[in-house]
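Structure first, then comments.
The values are calculated or read from the model by the stated rules, or taken from the named source; none is laboratory data. Model, not experiment: these values are computed from the prediction. So basically every Cβ, Gly included, is an ideal-geometry build from the backbone, and we count neighbours across all protein chains shown. These accessible areas exclude ligands, DNA and RNA; they are computed on the full protein's heavy atoms, side chains included. Shrake-Rupley method; radii C 1.70, N 1.55, O 1.52, S 1.80 Å.
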Amino acid sequence: MNSTIRELHIGIVACSAEGAALCYRTICHEGARQLGPYEHPQLTMHSHALAAYMRCIDADDWAGVGELMLSSAHKLASAGADFLICPDNTIHQALAPILARSPLPWLHIADVVADEAQALGYKRIGLTGTRWLVESEVYPERFAAHGLATVRPGLAARMEINRIIMDELVNGDCKPAAIAYFQKTIARMKDGGCDAVVLGCTEIPLIMNNGNSPLPTLDSTRLLARAALRHAIGQE
């Protein structure tokens with residue numbers, strides 16, 4: 001990297017440990033591949049306990065979720081971050097109402113995924129994630145703006161995928177039965193005409209990838225990390 005070019009300092013508003021850790025590792029490892037051994041932009045992460053977020057989510061208090069995100073944003077700004085990312089799809093529901101009060105700009109995870117889907121020529125995309133994410137407009141709105149269709153799984157699949165995420169994946173518990181369930185759900189999406197699937201919980205890439213998915217995957221965690229890296233080093 002040219003030493004005269006200032007790299008931007010990435011602030012990570014973390015929520016759940018596994019997704020945030022995967023995002024952080026991706027930035028570090030891919031930074032080294034692009035910039036040289038052990039190199040990457042400055043990174044600072046802040047996280048309130050997942051329990052604090054869940055108390056708000058369970059109470060349908062999305063304003064409260066937004067205040068937690070904003071609290072992290074201010075801490076990261078004080079630490080010197082130049083822009084923010086959040087490696088958690090679900091809580092992006094609370095992002096728009098706080099943007100005007102944010103001390104720093106954000107990269108939106110669904111925009112990053114939509115850009116990749118459009119670049120790869122996908123048109124009809126299945127969505128997996130927590131039930132709160134799947135039932136929200138976080139992805140459908142952003143995808144529609146890019147001319148992309150979003151397909152949600154049925155209610156039973158939403159609930160079981162939510163259970164797998166919240167009871168297993170956020171705790172780093174990766175079970176073969178969970179992989180099989182995702183494969184079955186994604187196969188139904190393929191049969192329904194989908195040409196790709198969003199791994200729309202940042203822990204899903206712990207168990208699903210292009211090697212075991214019936215459809216090409218859009219890995220929201222790694223796509224966000226790569227977009228943050230490109231932004232930080234001036235590639236976009």
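For the stretch 167-236, the square roots of the Cα gyration tensor eigenvalues, ordered a ≥ b ≥ c, give a/c of at least 1.5 with a/b no greater than b/c, which places it in the oblate category.
The local environment of Ala14, defined by Cβ-Cβ distances under 14 Å, has a net charge of -1 under the rule Lys, Arg +1 and Asp, Glu -1.
Extending 7 Å from the Cα toward the beta-carbon at both Asn209 and Ala52 defines two label points whose distance is 3.3 nm. Measuring nothing but protein heavy atoms, the accessible surface of the stretch 45-146 at 1.4 Å probe radius is 52 percent carbon and sulfur. Which of Ala59, Trp106, Ala144 sits farthest toward the positive end of the charge dipole of the chain, with +1 on the Cβ of Lys and Arg and -1 on the Cβ of Asp and Glu? Checked the options; the winner is Ala144. The packing ranking, built from the mean of other Cβ atoms within 10 Å per residue, places the peptides 94-106, 152-164 in the order 152-164, 94-106, highest first. The residues of the stretch 26-124 expose on average 47 square angstrom of accessible surface per residue, using a 1.4 Å probe on protein heavy atoms. Among the GluC sites (Glu not before Pro) within the stretch 28-94, those in coil by DSSP and having at most 14 neighbouring Cβ atoms inside 10 Å are Glu39.
With respect to the chain, whose longest principal axis is taken over its alpha-carbon atoms, helix 176-191 is tilted by about 80°. Summing charges over all other residues whose Cβ lies under 14 Å from the Cβ of Lys123, with Lys and Arg as +1 and Asp and Glu as -1, gives 0. Rolling a 1.4 angstrom probe over the protein heavy atoms with all chains in place gives the stretch 131-195 an accessible area of 48 Å² per residue. The calculated 222 nm mean residue ellipticity attributable to helices in the chain amounts to -14000 deg cm²/dmol, summing -39500 (n - 2.57) over DSSP H runs of n ≥ 4 and dividing by all residues. Dimensions of the chain based on its C-alpha atoms, expressed as ranges along the principal axes with the largest first, amount to 52, 39, 35 Å.
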